[in-house]
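Beneath this line is the structure, given in structure tokens, with notes to follow.
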Amino acid sequence: MSAQHPPQLIVALDYADAFEALALAHQLHALHPWMKVGLELLMHAGTQIVADLRDLGFPVFLDGKFHDIPNTVAGAVHGAVLSGANMLNVHAAGGVRMMRAAREAADVAAMTNALGRPLVIAVTVLTSLSPEELRDEVGYAHPLDTQVVMLAQRAREAGLDGVVASVREAAAIKTACGQDFKVITPGIRPADGPTDDQRRIATPAAAITAGADFLVVGRPITQAADPLAACAQIMAEIEEAAAG
């Protein structure tokens, strides 16, 4: 395993309102995984949901995927830091100047925030995209794996802490960017789970072997008959894989 610290589970709170998100959080309180607030929940509940989750003792990944001109992204990142997020992200496709502006804004905001600077990471290529869609619809000339590693290198150059990428690219990113560069892997599914709308998926064990530092799991936990049991099982799989 190439991750320097024990890999962490992030539960994706893909809900349309704070009530459902906080209800699940209360169910998982004993385990205290990370919680991910994505665009759907953010637009319905506002940044107060970040504070509410922090008050419950959860570290929070604010998955806003900021992608705009550098000045606008800097302002958004400043607000995200003040919301109390422990991790936030931007799109690597916004370029080095935009990513550097995000990192600098996070540094400045953290000076006035007792919670400190969150991890600032970049999205490389959405895991819902297939190589064919990336080539024919998005227009990227490079193969998917090459494109992901190139964007990760640009994020490293801009001073970011890591990237979001699929498990398939994790090992190559670690090789290109260093073992201290964080890799956050969505699309994690138990071996017998459905793929849903993710194209590039993997099991927890495969993610750990590839060197993932954070594993994002949504529906296998949030839609489980017993979310606490499902979360505990996945955390046990992560712990076992990390120990092996």
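The value of relative contact order for the chain, using C-alpha pairs under 8 Å at least six residues apart, is 21 percent. Charge dipole of segment 8-243 (Cα centre as origin; +1 on each Lys and Arg Cβ, -1 on each Asp and Glu Cβ, all else neutral): 680 debye, rounded to the nearest 20. Once label points are set 7 Å from the Cα along Cα→Cβ at both VAL108 and ALA51, what is their separation, rounded to one decimal in nm? A separation of 2.3 nm, rounded to one decimal place. Using Rg and Dmax of the Cα atoms in Å as the read-out, say which of [x] 16.9, 47; [y] 19.2, 60; [z] 17.7, 57 was calculated from these coordinates. Derived directly from the coordinates: [x].
Distance between the C-alpha centres of segment 29-77 and segment 111-131: 10 Å, rounded to the whole angstrom.
When the charge dipole of segment 90-136 is built from unit charges on Cβ atoms (+1 for Lys and Arg, -1 for Asp and Glu) and taken about the Cα centre, the candidate among LEU115, HIS91, LEU134 whose Cα reaches farthest toward its positive end is LEU115. Pick from ALA170, ALA45, ALA80 the residue whose mean-square fluctuation is largest in a GNM of the chain, springs joining Cα atoms under 10 Å. Highest fluctuation of the listed residues: ALA45.
Every number in this text was worked out from the coordinates using simple rules, so none of it is lab data. On a predicted model such as this, the values are computed, not experimentally measured, just so you know. Ideal geometry is used to build each Cβ from the backbone, glycine not excepted, and the neighbour counts take in all protein chains shown.
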